[in-house]
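Visitor: Once you've had a glance at the structure underneath, I'll fire off some questions.
Just so it is clear, none of the values below were taken in a lab; they were calculated from the coordinates. Quantities reported herein were computed from a predicted structural model and do not represent experimental measurements. Cβ sites come from the backbone with ideal geometry, for glycine too, and all protein chains shown count toward neighbours.
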């Protein structure tokens, strides 16, 4: 396999996570520019000068614009959210009809639909299989199915959903709704095949907690109602005239209130750093690290439960422990200075980034090999 193009030196130098950090699927340590942005905005707020509020929230527009460029959606089809779950609730409460979703999805992509169903707003059909494939969806389709909700990358196995295949199965009349948090910033994915994409800042984007974005196709923007939209999602929100205002026509209609300027400013900076380095270049580097880790685990005799094809996965590599001793192996990783996620007795999830050094991968495989 051809080696990926080297990352810009400025990108690699922007991060300072400790060696052994292999847990980007949980959260990605932010860059120095992100820390500087958050600190500068906090300092600006502390001064309380004239015009500070407008300057604080300037990051909102920056974040929406750069997310538009990176995702491929029109700028007025992009809105900011404080978290992925928040955006998924907007989708679930705004779309009536029958929804198909995977029962084994990350809970953040299940509970919004459960709650919407309990509120009488939709009917949820859970597909008790993983991953959610075009074939599985095709077998479950019925005339009254409105949409399919799926994760771009499965949190448990690292399997990358075939979004283009799902789009073909659904056709133009049903919506494809995507939780993109485990893929955006980690994999080269055509997001525009979806009708709604929701991501958060804290994982592969490496922008910290408290911000994210959601983007819509024309059909998604038209059909998903702003049921949870608040005072910032209407026309002339600061008129304060005591009457209900019409919802905005763009994606900002899903707004509930003003977001944290510290979080959105940090998100904007993280996205700009991602854009500057090149999303495809970063995705190729993540793919190379994941592939190298799989090879090292193979050599160490450790079972690998993640897909092996480069187009079938993103940055998640899952090690299996058929003897049920994953907890012991995870404790040994921690003692060796390696951070990963324990999934019960049988699995450990490792997720390297483009900035992960080879020594960390070698060390992790060596430790886990002792438990194979």
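Visitor: Checking residue 264 against (1) assigned to a helix (DSSP H, G or I); (2) within 20 Å of residue 315 (Cβ to Cβ); (3) in contact with a helix residue (DSSP H, G or I) (Cβ under 7 Å, 6 or more places away or on another chain), which test does it fail?
Guide: (2)
Visitor: Something else: Name, by its number, the condition in (1) part of a loop (DSSP other than H, G, I, E, B); (2) in contact with a strand residue (DSSP E or B) (Cβ under 8 Å, 6 or more places away or on another chain); (3) touching a residue at least 60 places away in the same chain (Cβ under 8 Å); (4) over 22 Å from residue 280 (Cα atoms) that does not hold for residue 183.
Guide: Among (1) part of a loop (DSSP other than H, G, I, E, B); (2) in contact with a strand residue (DSSP E or B) (Cβ under 8 Å, 6 or more places away or on another chain); (3) touching a residue at least 60 places away in the same chain (Cβ under 8 Å); (4) over 22 Å from residue 280 (Cα atoms), residue 183 violates only (4).
Visitor: From the list 311, 220, 295, which one is touching a strand residue (DSSP E or B) at 6+ places or on another chain (Cβ under 9 Å), assigned to a helix (DSSP H, G or I) and farther than 30 Å from residue 61 by Cβ?
Guide: Result: 311 is the single residue among 311, 220, 295 that is touching a strand residue (DSSP E or B) at 6+ places or on another chain (Cβ under 9 Å), assigned to a helix (DSSP H, G or I) and farther than 30 Å from residue 61 by Cβ.
Visitor: Name the residues in region 99-115 that are surrounded by 24 or more Cβ atoms within 10 Å (Cβ to Cβ), closer than 15 Å to residue 87 by Cα and in contact with a strand residue (DSSP E or B) (Cβ under 8 Å, 6 or more places away or on another chain), would you?
Guide: Answer for region 99-115, where residues must be surrounded by 24 or more Cβ atoms within 10 Å (Cβ to Cβ), closer than 15 Å to residue 87 by Cα and in contact with a strand residue (DSSP E or B) (Cβ under 8 Å, 6 or more places away or on another chain): 109, 113.
Visitor: Exactly one condition in (1) in contact (Cβ under 8 Å) with a residue 40 or more places away in the chain; (2) in contact with a strand residue (DSSP E or B) (Cβ under 8 Å, 6 or more places away or on another chain); (3) surrounded by fewer than 24 Cβ atoms within 10 Å (Cβ to Cβ); (4) in a helix (DSSP H, G or I) is not met by residue 88; state its number.
Guide: (3)
Visitor: Within region 322-372, how many residues are under 27 Å from the mean Cα position of the chain (by Cα) and assigned to a loop (DSSP other than H, G, I, E, B)?
Guide: Counting residues in region 322-372 that are under 27 Å from the mean Cα position of the chain (by Cα) and assigned to a loop (DSSP other than H, G, I, E, B) gives 12.
Visitor: Tally up the residues in region 19-34 that are in a helix (DSSP H, G or I) and crowded, with 16+ Cβ neighbours inside 10 Å, please.
Guide: So the count comes out to 2.
Visitor: Being assigned to a helix (DSSP H, G or I) and closer than 15 Å to residue 217 by Cβ is the filter here; which residues of region 68-85 pass it?
Guide: 68, 71, 75, 76, 77, listed by residue number.
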